[in-house]
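Below: one structure, written as structure tokens.
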Amino acid sequence: MATGRTHRPATRSRGIPEATVARLPLYLRALTALSERSVPTVSSEELAAAAGVNSAKLRKDFSYLGSYGTRGVGYDVEYLVYQISRELGLTQDWPVVIVGIGNLGAALANYGGFASRGFRVAALIDADPAMAGKPVAGIPVQHSDQLEKIIEDNGVSIGVIATPAGAAQPVCDRLVAAGITSILNFAPTVLSVPDGVDVRKVDLSIELQILAFHEQRKAGEGAAADAGAVPLAPKASRKGPDGDVPAVMPA
């Protein structure tokens with residue numbers, strides 16, 4: 001997912017590159033599935049295949065965590081789950097506010113994956129007075145007039161923006177002013193934020209457009225294959241002592 005601004009070359013604690021940080025959730029998802037099946041150990045090749053990366057990249061990523069596995073045995077699944085969860089900050093509770101409770105915001109509020117991964121939806125906020133007090137996913141929607149107080153009362157540091165594009169920047173500005181330092185933006189617009197604030201942008205239409213590009217390319221390749229090879233023009237020839245000889249001899 002692309003960020004909504006240009007970041008300086010960022011690294012996490014202990015010098016972990018941002019590209020490695022972006023892959024840690026993929027490893028954690030694969031490891032969690034193994035843990036749920038009571039698989040005790042996993043090789044780098046198996047885990048890399050499950051996460052969709054190559055094994056050399058996985059071993060390099062894990063070296064930043066100080067985890068090298070055991071030759072002939074592999075990686076301890078439970079320990080890696082703990083280690084990656086700790087590195088991602090998932091061993092603590094993260095209160096989150098969702099701003100913009102339209103269809104998308106309501107769907108996010110109902111997403112069960114937040115709680116299971118350490119994120120607690122602390123509040124749902126919308127600018128429509130008619131929405132105030134209505135429960136969504138068991139949480140009453142609060143009016144945006146209370147945004148700053150809600151953030152302070154709940155100790156929120158992560159905000160999710162699911163508003164229309166025109167409202168996203170003003171909402172972002174208010175979130176930042178209230179102390180939010182991490183924003184997940186679902187609005188179809190690029191946000192401007194000061195240094196020290198991280199933005200992750202999720203644009204579903206862009207992802208669909210990329211898939212459409214690949215579908216179009218596959219369709220073109222299929223049409224070319226169905227048409228068959230284009231016949232080559234006859235080669236010029238000349239007479240030789242043994243009959244017709246190609247004008248250009250093969251190397």
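The values are calculated or read from the model by the stated rules, or taken from the named source; none is laboratory data. None of these values were measured; they are calculated from a predicted model. As a convention, Cβ positions derive from the backbone with ideal geometry for all residues, glycine included, and neighbour counts pool all protein chains shown.
Only one of the numbered conditions (1) surrounded by fewer than 12 Cβ atoms within 10 Å (Cβ to Cβ); (2) assigned to a loop (DSSP other than H, G, I, E, B) is not met by Val156, and that is (1).
Taking the numbered list (1) assigned to a helix (DSSP H, G or I); (2) assigned by TED's automatic domain parsing to the domain that holds Arg174; (3) surrounded by fewer than 17 Cβ atoms within 10 Å (Cβ to Cβ) in turn, Gly105 passes all entries but (3). Only a single criterion out of (1) touching a helix residue (DSSP H, G or I) at 6+ places or on another chain (Cβ under 8 Å); (2) surrounded by fewer than 17 Cβ atoms within 10 Å (Cβ to Cβ); (3) in the same structural domain as Asn185 (by TED's automatic domain parsing) is not satisfied by Asn54, namely (3).
Taking region 143-165 as the region of interest, how many residues are touching a residue at least 12 places away in the same chain (Cβ under 8 Å) and over 20 Å from the mean Cα position of the chain (by Cα)?
13
It is to be established whether one or more residues within region 25-39 are of a type in the set (Val, Ile, Thr), in contact with a strand residue (DSSP E or B) (Cβ under 9 Å, 6 or more places away or on another chain) and part of a helix (DSSP H, G or I).
We begin by selecting, within region 25-39, every residue of a type in the set (Val, Ile, Thr); these are 32, 39.
Retained after the next criterion (residues that are in contact with a strand residue (DSSP E or B) (Cβ under 9 Å, 6 or more places away or on another chain)): none.
No, the conditions are met nowhere in region 25-39.
The residues of region 171-207 that are of a type in the set (Ser, Thr, Tyr) and either within 15 Å of Ser157 (Cβ to Cβ) or part of a strand (DSSP E or B) (or both), listed by number, are Thr181, Ser182.
So is Gly69 under 20 Å from the mean Cα position of the chain (by Cα) and either not assigned by TED's automatic domain parsing to the domain that holds Gln146 or not charged (D, E, K, R) (or both) or not?
Details: under 20 Å from the mean Cα position of the chain (by Cα): no; either not assigned by TED's automatic domain parsing to the domain that holds Gln146 or not charged (D, E, K, R) (or both): yes.
Criteria not met by Gly69.
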